[in-house]
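The values are calculated or read from the model by the stated rules, or taken from the named source; none is laboratory data. Here the structure is a predicted model, which means the values were calculated and not measured. Here the Cβ is made from the backbone with ideal geometry for all residues, glycine too, and neighbour counts use every protein chain on show.
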Amino acid sequence: MAEPPRDAPKLLGVDETSAAPDLQVEPALRRSATAVMVLLGGALLVSIVVTVFGGDQASTADEGAEVVTDTSVADTTTTAVDQPLVTVAVSSSSSTSSTSSTTTAALREAVPVGEAFAANPPAGLLAVWHINNPAVYVLDLAGGSVTVLNLGEIQVDGITTIRGVGDRLVIESTGGISWIAPDGTFGVLSPGGEVTAFGDDEVWISQSYLSNQQFAPTRIGFDDTVTELPPLPPGSSPFGYLDDRLVVGGGTSGGVYLHLGDEFSITAPGALLSAGNDVMLTRACGGTLNCFLRRELVGGGEPTTYEIGPEIDIDGVWWVDLPVSPDGDALLVMSAELGPVLWDLLTDTQITVPLLRGRSIAWSSDGEWLFISGSEEIIGIHRGSGDEVRIPAPGDEPWGNLMSLASISSG
């Protein structure tokens, strides 16, 4: 911006109001001084022309021109941004930018991922992320491609949890609870709170505690519906869902509670292991301390029971968030002889799995594949065949022990 005219600089010790003394100057000196003044004047004129006509173009903004900024990404109060977030191929050297299309490419040219899963293609998509990287890699293992979602573009940081819910990812962070879809569309579910339970098209978040240390969760659906629930029974844990209703375990007191009307009513004995996709899996023990699993299809059919042998520790894989498959017919347990195993209830078979403590896991959306995070690879295990596929970790940055996995349906 051109600066406003300034007053001529004042000389210290000179009184500008006093008459100038009558000084005699030599003619030669006078001519030299005149030449210098001409040169200085020309230089000043050139400077003015450059400043006005060829100077910094940003100066127009300082003189009242409107500065237009892109607010479509920053406006996260709506259910979706106008422009889907950028997705770029891992093998591409291009930088992330906002586009309306999804770019995919081979996961790794040296690894025929599509061929490896050709016999038993996994259902859904697999998301790979860690807390120190704003990029979320969405892997289509059946098609052998990968898409990158840059959460930095939507100013999501301080991430604590990413979980697959239906066809999108729910993100829990210091800035609240939001979601993002594989095509980059993004929305905010709540500016605060913590997720108590994940459903298939909703989440339940915690609210402030009451005086008796009970808390009342709130259901928030992807369709923007908000439902306040009654206070949970004391010590409730773990959590699940059946349709749009919250299911909670009674903790050390036992029993399974279901949200019905204005209260949580006990709906089954035993300890809740999982509930979702209209299937509930519980554990119960008889008078002789013989324990068994009870798998119940909500709305039809007789429950099926499975005896738990003395060599099986149901709670042995305690560091895994989702030890039970989506349909409740397989789970990760600890065997006294084999270590961590995948117990298939339908076939009553056990598959040894290389599951180290602290590793993350995810099930394909149909429950046929179990994926385990590694330091620089992802291990896929097929339940039916026992086949094992090792997938190089996406991206160029080292993952170490920070890799986390989440599974989402493909649409």
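Details
- Out of Leu346, Leu338, sole residue that is closer than 16 Å to Gly384 by Cβ, surrounded by fewer than 16 Cβ atoms within 10 Å (Cβ to Cβ) and of a type outside the set (S, T, N, Q): Leu346
- Restricting the range 255-287 to residues that are out of contact with any strand residue (DSSP E or B) (no Cβ under 7 Å at 6 or more places or on another chain) and in a loop (DSSP other than H, G, I, E, B), the residue that is farthest from Thr305 (Cα to Cα): Asp262
- Breaking point among (1) within 23 Å of Cys291 (Cα to Cα); (2) surrounded by fewer than 17 Cβ atoms within 10 Å (Cβ to Cβ); (3) among the polar types (S, T, N, Q); (4) at pLDDT 85 or above, for Ser236: (2)
- Looking only at residues of the range 187-223 that are at pLDDT 90 or above, small (Gly, Ala, Ser) and under 20 Å from Gln155 (Cβ atoms), we find that the one that is surrounded by the fewest Cβ atoms within 10 Å (Cβ to Cβ) is Ser190.
- Only one of the listed residues (Val156, Val146) is buried (at least 20 other Cβ atoms within 10 Å of the Cβ), farther than 21 Å from Ser365 by Cα and of a type in the set (Val, Ile, Thr). That residue is Val156.
- Matching entry among Arg390, Arg383, Arg357 (being in contact with a strand residue (DSSP E or B) (Cβ under 6 Å, 6 or more places away or on another chain) and either modelled with pLDDT under 90 or more than 18 Å from Val320 (Cβ to Cβ) (or both)): Arg390
- The residues of the range 316-339 that are within 28 Å of the chain's Cα centre (by Cα) and outside any loop (DSSP other than H, G, I, E, B), listed by number, are Val324, Ala330, Leu331, Leu332, Val333.
- Of all residues in the range 136-146 being assigned to a loop (DSSP other than H, G, I, E, B) and not aliphatic (A, V, I, L, M), the one that is nearest to Glu377 (Cα to Cα): Gly144
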